[in-house]
1. Taking the solvent-accessible surface of protein heavy atoms with a 1.4 Å probe, what is the per residue accessible area of segment 61-133 in Å²?
2. Hey, could you get me the Stokes-Einstein D for the chain, Kirkwood radius over alpha-carbon pairs, 4 °C and 1.567 mPa s, rounded to whole µm² s⁻¹?
3. Can you pull the Rg over Rh of segment 95-154, Cα-only, Kirkwood?
4. Under a 5 Å amide H to amide H cut-off, with H placed in plane at 1.01 Å, what residues pair with GLN25 once short-range neighbours are removed?
5. Which ³J(HN,Hα) values, rounded to whole Hz and listed in residue order, are derived for segment 136-147 from phi using the Karplus coefficients 6.51, -1.76 and 1.60 in 6.51 cos²θ - 1.76 cosθ + 1.60 with θ = phi - 60°, glycine and proline given as x?
6. Explain nothing, just the number: relative contact order of the chain, from Cα pairs under 8 Å at least 6 residues apart, as a whole percent.
7. Mind pulling the per residue volume of the convex hull built on the Cα atoms of segment 29-108? Å³ is fine.
8. Starting from the Cα gyration tensor of segment 1-47, take the square roots of the eigenvalues, sort them a ≥ b ≥ c, and report rounded, prolate or oblate (rounded when a/c is under 1.5, otherwise prolate if a/b is larger than b/c, else oblate).
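The values are calculated or read from the model by the stated rules, or taken from the named source; none is laboratory data. All values derive from a computational prediction rather than experimental measurement. All Cβ positions, glycine included, derive from the backbone under ideal geometry; neighbour counts span all protein chains shown. Heavy atoms of the whole protein, side chains included, go into the accessibility calculation; ligands, DNA and RNA do not. Shrake-Rupley method; radii C 1.70, N 1.55, O 1.52, S 1.80 Å.
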Amino acid sequence: DTGLGKTHLSQAIGNAITKKLSNKQVLYITTERFTNQVIQAIKNNSINDFMNHYHMIDVLIVDDIQFLANRPKTQEIFFNIFNQLHQNGKQIILTSDRAPKDLQDVEKRLISRFKWGLTADLGAPEYKTRIDILKAKMELEGITLSQETVEYICHHIKSNIRELEGAMISLIAQSSLNKKAVTLDLAKQMIDKFVKNTAREVSIDY
């Protein structure tokens, strides 16, 4: 699901390969950018050059592959690139917010290929992991919160990392704007509103 670190993890894999195997051609790209490149290549009548460029890659990392939906031409070109890389023993890493079998409006031949590889499900982090993540983010931002405040935030924000970070930023902002110290009471007030707002389905009118 969104906010669980797919992009961070896939980029970390790419960086690790680049560091350990400097002779390998590694490309990280979002599906949106790939689609825009396809459109541009078609406009410029340079689709063969475009595909040849991709055939030279050793590790292709494509983020948010679900956005291939309803893009038949992009799917066709990606299918050809995928096949060529696979036949040449290259590595392909894809991220998505759903399993291959749940992808909508993507060609069956592509989905069958997505199923060839290892599918790894990134679940929501457990309580202890949320605490470790929040403490790491605090250290990165130079923020100090009491242990009980950290525990309170992590106990109530469970869905994803972005919300956890958002709660921390909101708490610091509340403290700064109202010139109040970051206390557990302030955290309780803020988290109560934060959780209600994120849980509510927000309409256009609202």
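1. Values: 4250 Å² over 73 residues.
Each residue of segment 61-133 exposes 58 Å² on average to a 1.4 Å probe.
2. Details: Rh = 19.9 Å.
For the chosen part, D equals 65 µm²/s.
3. Working: Rg = 18.5 Å, Rh = 14.6 Å.
So for segment 95-154, dividing Rg by the Kirkwood Rh gives 1.27.
4. ASP58, VAL59
5. Once θ is set to phi - 60°, the couplings for segment 136-147 become 5, 5, 4, 5, 5, 8, x, 9, 10, 10, 5, 4 Hz.
6. With pairs under 8 Å counted, the relative contact order is 19 percent.
7. Numbers: hull volume 6.8 nm³, N = 80.
That works out to 85 Å³ per residue.
8. Details: a/c = 6.64, a/b = 1.45, b/c = 4.59.
Since a/c reaches 1.5 but b/c is at least a/b, the shape of segment 1-47 is classed as oblate.
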